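The values are calculated or read from the model by the stated rules, or taken from the named source; none is laboratory data. Because the structure is a prediction, the values reported are computed rather than measured. Every residue, glycine as well, gets a Cβ built from its backbone with ideal geometry; the counts of neighbours run over all protein chains shown.
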Amino acid sequence: MKITFDWLREHLDTKFSEEQLLDKLTDIGLEVESVERPSSDLEKFLVAKILKTEPHPDADRLKVCDVDIGNQNILKVVCGAPNAREGLITIYAPPGAVIPKNKMKLVVAKIRGVTSHGMLCSESELNLSEDSEGITELDEKNYANKIGENYFSKSIVNIIDVSITPNRPDCLGVRGIARDLAAAGFGKLKEFKFNKINSKDKQTVSVKILNEKNQGCSFFGSCLITNVKNTQSPDWLKEKIISIGQKPISAIVDITNYVMFDLNRPLHAYDADKIDKGIVVRNSKKGESFKALDNKDYKLDNDMCVISDNSGVLGLGGIIGGERSGTELDTKNVLIESAYFDPRSIRKTAKQLNIDTDAKFRFERGIDPQSIEQGLNRAAELITQICGGSVSMIDVQSINEFKNTTIDFNPDSFKKISGFEISNKEILEILNNLGFIIQKKQNILSLTVPSWRPDINQEIDIIEELVRIYGYDKIETIEPKKARNKPTLNKSQKLFHFLQRAVASKG
C-alpha cells in the first residue's frame, strides 16, 4: 500500500514528523518496506508562457515559439503541437530533463535547421493523462503568476510503501492507516465529512442479483449520474493519483480510484448508455468470454461472478471491468457500482484467469460490507463537483444480511496472556479509537467488532490489538534462568542430536 505523509494528514491531525511516522508504522505492525524518493529530474519542468509563434521556415507542421521560462529568460523552442499559440501557459522541459513517459533525455538540438532549446510537453509525455493531442494547457487564472516555477513542486513527495498483512484489509486505504495511528497516540483522527446524496429521483437502471449456488456477490449498490461532462481531472486530483505512482486517465476514472485508495472502497463506473436492459449479477457459464479494460480477452469457466446485461458479460465482479461498458471522455450518463464480493470467489477466479488488479487485491482480503453507501456518496459528490450532472437515489440490492461480530472480553485476561498490565481506562480508549462499540456487563466488556475488521473473531484477537497499539516494547524481556552445575540437555536429548548428526553425515 503506497501512501504519502501529505495525504495521510488529510485524515490525521498530527504534530509528528515523517521520520517519526516511519518508526510508528512499524511499531504498530504496519511495516514500512521502502521510502521512494522522487526523481530530481521532476524539479526541472517549469511553468512557461508562449510569447510568440512563427511558422518553421522548413517544415509546414512545426512552429518556432518564443517561450518565457521566468526571470526574463526567453528561449526558442520548436514545437509541432497544433494548439501551440501566443499567450498559452504550458509546461517546459529544458535540456537535461528526462521525459517521464519515454525516459528520453533532452539536449539542445537543431530541428530542420532551427535550434530548439528544450521541449513543450503534452500531458501524455508527463504521465499526467492519456491526452497526447497537443501540449499541456494550464489555467491562466491559476498559473499566470507562476511563470518559471517548478510545475511538479506540489507532487514531489516521498512515497511510503507499507507492507499490509493479508488480515488487515482495512489498512488498504489511507483512512484506515490514519485510524490505527490515531489509536496509537500519533495524532487525532479527523472527522470524515462528505455530502450525502439528497435526491428523489430513482435509479432507473435495473439491477438484479441471482440467488444461486456459489454466488460471489452479496450486496450491489449503485447510483446513476446523468448529464455529466467527463473531462481531465483537476490538478489536485491528478497530483493525488500521481503521488502514489498511478497514472491519471479521466475525471470519472480518477475519482473512483481516489475513493479506493482513500477509503479502501473499490468502485466501478459504467457508461450507462452502453448497458443493455439492466444489470444481472450471476455465475458465468463455461465458454463465455469478454474483452476487459486491459484489452485482453478472457474465456470464463463455470461459477465465476460476472456482471452482465442482455448482451452478455460486462465484467468480472470485484476484479476487472469490460471494455464494452467503460467510460470515455464523451460519456454522458454514468452508473457507479459499489458492491461486496466474497473473498474466496475473487481469489479463485483471479487465480484461474491470472488477473491482478487493485480492486481484486482488496476484495480478496475482505472489504467493509457497510461502506457501500459511503463510497457512492463520496464518488457522487466529487463527480458532480468536477463533471456536473444530476444524481439519483442510491439503490442497494442484496441476497444476504450483514451481521456484526460480538465478542465478550474479560479485561483480566489481558495480563494473563500479555504478561503486563494496562488500565481499564486505556483499554476502553484504545478499543473506542479502533472503532469498537463497547457495552459493559459487570466485569465483562461486550464488544461489537467494526465491520471493517473481518480478522477479529475471538477474545485473543482483542488482546493482540491492545498489545499492538499499546506497544510491543512494553512487554518485559526476561532472560531464561539456567540451573548451576546442570547440563543444558538431558541424556535423551543428547542421544537424539547424536543420532541426527550421524544419519545426516551418511546422507
* To do: With the checklist (1) in contact (Cβ under 8 Å) with a residue 60 or more places away in the chain; (2) crowded, with 23+ Cβ neighbours inside 10 Å; (3) part of a helix (DSSP H, G or I); (4) not aliphatic (A, V, I, L, M) in hand, flag the one item ASP254 doesn't pass.
  => (1)
* Filter segment 457-507 for residues that are assigned to a helix (DSSP H, G or I), among the aliphatic types (A, V, I, L, M) and surrounded by 10 or more Cβ atoms within 10 Å (Cβ to Cβ) and give the result. => ILE460, ILE462, ILE463, LEU466, VAL467, ILE469, LEU495, LEU499
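Every residue, every condition in (1) closer than 23 Å to SER34 by Cβ; (2) among the aromatic types (Phe, Trp, Tyr); (3) at pLDDT 85 or above, yes or no:
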{"residue": "MET104", "(1), (2), (3)": "no, no, yes"}
{"residue": "HIS117", "(1), (2), (3)": "no, no, yes"}
{"residue": "LEU128", "(1), (2), (3)": "no, no, no"}
{"residue": "ASP131", "(1), (2), (3)": "no, no, no"}
{"residue": "ASN142", "(1), (2), (3)": "no, no, no"}
{"residue": "ILE164", "(1), (2), (3)": "yes, no, yes"}
{"residue": "GLY173", "(1), (2), (3)": "yes, no, yes"}
{"residue": "ILE177", "(1), (2), (3)": "yes, no, yes"}
* To do: May I ask you to say which residue of GLY185, GLY148, GLY176 is within 21 Å of TYR258 (Cβ to Cβ) and of a type in the set (Gly, Ala, Ser)?
  => GLY176
* Asked: Is it true that PHE194 is modelled with pLDDT of 90 or more and either outside the structural domain of SER345 (by TED's automatic domain parsing) or in a strand (DSSP E or B) (or both)?
  -> no
* **Within segment 19-35, considering residues that are surrounded by 15 or more Cβ atoms within 10 Å (Cβ to Cβ) and charged (D, E, K, R), the one farthest from the chain's Cα centre (by Cα)** => ASP27
* **Filtered residue count, segment 1-49, keeping only those that are assigned to a loop (DSSP other than H, G, I, E, B), more than 27 Å from GLU123 (Cβ to Cβ) and in contact (Cβ under 8 Å) with a residue 60 or more places away in the chain** => 7
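Residues are listed down the side, and each one gets a yes or a no for (1) touching a residue at least 60 places away in the same chain (Cβ under 8 Å); (2) in contact with a helix residue (DSSP H, G or I) (Cβ under 8 Å, 6 or more places away or on another chain):
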{"residue": "SER392", "(1), (2)": "yes, no"}
{"residue": "ASP395", "(1), (2)": "yes, no"}
{"residue": "SER398", "(1), (2)": "yes, no"}
{"residue": "ILE407", "(1), (2)": "no, yes"}
{"residue": "ILE430", "(1), (2)": "yes, yes"}
{"residue": "LEU434", "(1), (2)": "yes, yes"}
{"residue": "ASP461", "(1), (2)": "no, no"}
* To do: Taking PHE496 as meeting all but one of (1) closer than 21 Å to PRO169 by Cβ; (2) without any contact (Cβ under 8 Å) to a residue 24 or more places away in the chain; (3) aromatic (Phe, Trp, Tyr), write down the number of the exception.
  => (1)
* Filter segment 54-71 for residues that are within 42 Å of the chain's Cα centre (by Cα) and surrounded by fewer than 18 Cβ atoms within 10 Å (Cβ to Cβ) and give the result. => ARG61, ASP66, GLY70, ASN71
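LYS286 - would you say it is of a type in the set (Lys, Arg) and at positive phi? Don't jump to the end; show me each part of the working.
Values: of a type in the set (Lys, Arg): yes; at positive phi: no.
No, not satisfied.
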* Answer yes or no: is there a residue in segment 285-302 that is crowded, with 22+ Cβ neighbours inside 10 Å, closer than 15 Å to ILE355 by Cα and in contact with a Lys or Arg (Cβ under 6 Å, 6 or more places away or on another chain). => no
* Is segment 135-152 home to any residue that is farther than 30 Å from LEU30 by Cβ and assigned to a strand (DSSP E or B)? -> yes
* To do: Name the one entry in GLU140, GLU133 that is surrounded by fewer than 16 Cβ atoms within 10 Å (Cβ to Cβ), under 19 Å from LYS247 (Cβ atoms), touching a residue at least 40 places away in the same chain (Cβ under 8 Å) and not assigned by TED's automatic domain parsing to the domain that holds GLY245.
  => GLU133
* Asked: Out of SER122, SER132, which single residue is farther than 23 Å from ASN73 by Cβ and outside any strand (DSSP E or B)?
  -> SER132
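Within segment 402-456, take every residue that is part of a loop (DSSP other than H, G, I, E, B) and of a type in the set (Gly, Ala, Ser) and give me the one that is farthest from ASN264 (Cα to Cα). Walk me through it before giving the result.
Going through segment 402-456, the residues part of a loop (DSSP other than H, G, I, E, B) turn out to be 402-405, 410-411, 419-423, 434-436, 442-443, 449-456.
Now drop any that are not of a type in the set (Gly, Ala, Ser), which leaves 419, 423, 435, 451.
Numbers: GLY419: 35, SER423: 33, GLY435: 16, SER451: 13 Å.
Going through the qualifying residues, I end up with GLY419.
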* Asked: Under the condition of being aliphatic (A, V, I, L, M) and either touching a helix residue (DSSP H, G or I) at 6+ places or on another chain (Cβ under 6 Å) or in a loop (DSSP other than H, G, I, E, B) (or both), which residue from segment 204-223 is nearest to THR327 (Cα to Cα)?
  -> VAL205
* Asked: Got a sec? Which of VAL107, VAL78 is farther than 14 Å from ASN150 by Cα, outside any loop (DSSP other than H, G, I, E, B), not charged (D, E, K, R) and not assigned by TED's automatic domain parsing to the domain that holds ILE242?
  -> VAL78
